[in-house]
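Remarks on the structure that follows.
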Amino acid sequence: MNQIAIVRDPLYLKHSNGPMHPEGPERLLTIDRMLSGFPFRDQLVDIPPRDATFAELERIHEQSYIRRIEKTRESSFTVLDPDTSATSDSYAAAIRAAGGAIEAAEAVLSGRFPAAFAFVRPPGHHAEAGRAMGFCLFNNVAIAAAYALEAHSLKRVLIADWDVHHGNGTMHSFYHTDEVLYFSVHQYPHYPGTGRIDEIGGGAGRGFTVNVPLAGGQGDEDYLYVFREVLLPIAREYAPELILVSAGFDTHLNDPLAGMGMTGGAYGRLTALLQELAGGCCPGRIALTLEGGYDRTALSDGVASVLIRLIHGHEGARAGGQAEPESPAGTGAHVQADTRQVVQEVRRVLAPFWRGL
């Protein structure tokens with residue numbers, strides 16, 4: 001069994017988008033309750049987060065924008081966009097969320113742990129260089145990737161984003177570089193409206209943005225099929241030195257903000273595919289950061305499934321009594337025709353850049 005680093009902090013609970021908002025502190029409290037009874041709790045090692053520095057934020061965000069979010073400390077409540085707000089505690093929570101993602105990456109880059117999971121909020125993958133949106137203030141995963149490139153002199157980082165919403169901010173952060181391979185499978189058309197197949201990067205980054213837009217209703221087999229037919233062939237050729245995951249759990253069939261059909265155990269199976277990839281290129285080195293997920297039971301079940309896989313590897317399907325069916329799921333036997341068509345088009349568009357396609 002593997003010991004896995006986890007990042008938590010009470011400060012993350014102090015950020016608020018206002019009453020009755022779906023992205024509230026209860027999301028993390030639900031995960032905490034699950035962890036208190038988690039059957040492999042002794043394999044999870046809490047590591048402390050830290051605050052991201054201004055210089056670390058500035059690798060992704062504009063100086064003026066960072067100062068604008070910092071200024072929200074002066075007001076009890078600040079509306080940043082129709083979906084996103086801040087309280088006087090939100091800036092402190094946001095810089096510690098970014099720092100938590102950095103520390104999760106550092107935990108695996110240092111070799112102390114094979115994998116880490118940062119349970120942070122506010123989430124991050126919608127945050128643009130100069131704009132808060134989609135419940136996000138600072139782009140946690142992008143900041144962690146930029147840190148890894150700078151502090152560890154990495155040349156190839158993979159960001160796999162399985163949140164139901166496209167990570168527009170993350171994509172735009174690395175759109176013109178080949179130092180980050182950004183992969184997103186998401187519901188489209190859906191918020192935020194980005195993530196088309198033909199958005200493949202520009203300049204030196206052309207071919208290093210991979211978008212798989214799905215119409216909705218896709219389930220476990222569809223997602224596994226996308227990973228096997230698109231992500232894995234490209235990522236094996238790319239050979240990342242670090243794998244970061246924007247881990248959203250709003251693709252679950254019970255999530256109120258989306259229209260996908262995944263079950264809790266499927267997140268563990270996606271994780272297993274990433275573990276297999278990591279074992280062949282960067283040994284281990286997977287750091288996940290929490291993004292969306294707004295049904296609390298689905299969020300708890302999905303996180304547990306991921307942690308079991310990280311701890312047990314391929315034995316995770318049977319660990320803890322959480323059975324997860326294997327073959328033929330993800331091999332194409334139960335994949336929707338719409339999914340096949342999208343995958344075929346993605347492979348056609350990206351084939352000039354990747355021999356494996």
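Here are the numbers for this structure:
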{"quantity": "Translational diffusion coefficient (Stokes-Einstein; Kirkwood radius from C-alpha pairs) of segment 217-305 at 10 °C, 1.306 mPa s, in µm²/s", "calculated": "118"}
{"quantity": "The chain - share of DSSP beta bridges that are antiparallel (%, nearest 5)", "calculated": "15"}
{"quantity": "Gyration tensor (Cα) of segment 4-350, equivalent ellipsoid semi-axes in angstrom", "calculated": "27, 23, 20"}
{"quantity": "Full-stretch length increase - Ala337, Phe353 - with 0.36 nm per residue and alpha-carbon distance subtracted", "calculated": "3.2 nm"}
{"quantity": "Long-range amide H partners of Glu128 with built H, under 5 Å", "calculated": "Met133"}
{"quantity": "Sparse-neighbourhood loop sites, trypsin sites (Lys or Arg not before Pro) in segment 193-247 - DSSP loop, at most 15 other Cβ within 10 angstrom", "calculated": "Arg196, Arg206"}
{"quantity": "Dipole magnitude (debye, nearest 20) for the chain, charges at Cβ of Lys, Arg, Asp, Glu", "calculated": "400"}
{"quantity": "Residue-span extension gain [Phe77 to Lys14] - 0.36 nm each, minus C-alpha spacing", "calculated": "21.5 nm"}
{"quantity": "Label-point gap, in nm, between Ala151 and Ala239 - each point 7 angstrom along Cα→Cβ", "calculated": "2.6"}
{"quantity": "Given charges at beta-carbon only (K, R positive; D, E negative), |dipole| of segment 183-292 in Debye", "calculated": "220"}
{"quantity": "Segment Glu58-Ser36, length gained on full extension (0.36 nm per residue, minus Cα span)", "calculated": "4.3 nm"}
{"quantity": "Distance from segment 51-99 to segment 247-262 (C-alpha centre basis), Å", "calculated": "27"}
{"quantity": "P(r), alpha carbons of segment 184-245 - 5 Å bins starting at zero, rounded %", "calculated": "4, 15, 24, 25, 20, 9, 2"}
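A short reminder: the numbers here are calculations on the coordinates, not readings from a lab. Because the structure is a prediction, the values reported are computed rather than measured. Because the Cβ atoms are built from the backbone with ideal geometry, glycine has one as well, and the counts that use them run over all protein chains shown.
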